[in-house]
């Protein structure tokens, strides 16, 4: 899954009752950073993306108890059927380790990965309109492609 995207934009997302091993936004964001693709996080719609933003901002060193409740039945199926080793390995990561990866990534690491400055990422975290999100993501992608405007 992670290797199939060029970049990923995360908005909102369920925090409970995931259909997958973890809530989809968290799962996809983790795979995106593991495959070294640009990741853009906007808190505009709340949800799981805001949990990831809290980790990146270092708001708490430990994952909150409600972060990424895991489903072992899905993890077992993932291991049996996924052909991508990174994705299969991901299925076995405890939620606290996922939190730690985003915490350790921090705003600076996210900036290096997505082409935005730390200030622009923080603006994206707090964006309230779709226009702000689109402009910031386009700006980061242009930088990643080697263009400044």
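The values are calculated or read from the model by the stated rules, or taken from the named source; none is laboratory data. Since the structure is predicted, the reported quantities are computational estimates derived from the model, not experimental observations. Glycine also receives a Cβ, built like all others from the backbone with ideal geometry; neighbour counts cover every protein chain displayed.
Summary table below
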| item | result |
| --- | --- |
| Residues (surrounded by fewer than 20 Cβ atoms within 10 Å (Cβ to Cβ) and touching a residue at least 60 places away in the same chain (Cβ under 8 Å)) located in the range 34-53 | 36, 37, 44 |
| Hits in the range 121-132 (condition: surrounded by 18 or more Cβ atoms within 10 Å (Cβ to Cβ) and part of a helix (DSSP H, G or I)) | 121, 124, 125 |
| Residues within the range 54-76 that are loosely packed, with under 14 Cβ neighbours inside 10 Å and either at pLDDT 85 or above or part of a helix (DSSP H, G or I) (or both), tallied | 8 |
